[in-house]
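Engineer: Dropping the structure in here first, questions after.
Every read-out reported here was derived from the displayed coordinates using simple, explicitly stated rules and does not represent laboratory data. Since the model is a prediction, treat every value here as computed from it, not as a measurement. Every residue, glycine among them, receives a Cβ derived from its backbone with ideal geometry; neighbour counts consider all protein chains shown.
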Amino acid sequence: QVQLVESGGGLVQPGGPLRLSCAASVSGSSFSIYAMGWYRQAPGKQRELVAEITSGGSTNYADSVKGRFTVSRDSAKNTVYLQMDSLKPEDTAVYYCNADVALYSYPARRAYHWGQGTQVTVSS
């Protein structure tokens, strides 16, 4: 059983900061977590990648957030963070955590898992 729980969303003024957290919990199996990341979905739009980080620490960002957002992870806590600075109204969306998890108990399997989403609203 894999569960991802996000926190940190809310209402922020344009130009302000916000930090999202996502903690992964796994029960009933030994496991490994590979890439973790953040996606977002605005009303009427498709879900899009915001940022991701591999287990080795390599990062990838959407062009629209480069220089403003920073993704990081604490592997000991199975947690990924998204520091969002200089927020813009167009950053308003539901933000979803994603993790690539391998479970080793029989039958071994590897899959992407999603959190429930957290709303980020940038408005004055």
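Engineer: Calculate the dipole size of the chain relative to its Cα centre from +1 charges on Lys and Arg beta carbons and -1 charges on Asp and Glu beta carbons; express the result in debye to the nearest 20. Write out the running numbers ahead of the final one.
Structural biologist: Values: 11 positive and 9 negative charges, 26 e Å.
My answer is approximately 120 debye.
Engineer: Right, next: Taking every DSSP beta bridge that has both residues in the chain, what percent is antiparallel when rounded to the nearest 5? Please list the in-between numbers first.
Structural biologist: On the way: 44 of 47 bridges.
Rounded to the nearest five, the antiparallel share is 95 percent.
Engineer: Okay, next question. Kindly provide the Kirkwood hydrodynamic radius of the chain in Å, to one decimal, from all pairs of distinct alpha carbon atoms. Display every interim value, and only then the final one.
Structural biologist: Values: mean 1/r = 0.0678 Å⁻¹.
Evaluated on the chain, it is 14.8 Å.
Engineer: Compute the length gained on full extension between TYR34 and LYS66: take 0.36 nm times their separation in residues and subtract their Cα-Cα distance, giving the result in nm to one decimal. Intermediate results must be reported in sequence, preceding the final value.
Structural biologist: On the way: separation 32, 0.36 × 32 = 11.52 nm, distance 2.22 nm.
Full-extension gain reported as 9.3 nm.
Engineer: I want to check the label-to-label distance for GLN83 and SER25. Put each point 7 Å from Cα in the C-beta direction and report it in nm to one decimal.
Structural biologist: 2.7
Engineer: Pop a pseudo-label 7 angstrom from the Cα along the beta-carbon direction at both THR54 and VAL5 and give the gap in nm to one decimal.
Structural biologist: Those two pseudo-labels are separated by 3.1 nm.
Engineer: Next up: May I ask you to derive the FRET efficiency for SER105 and ARG47 from their Cβ-Cβ distance with R0 = 25 Å, giving the value to the nearest 0.05?
Structural biologist: Details: r = 30 Å, r/R0 = 1.20.
The value I calculate is 0.25.
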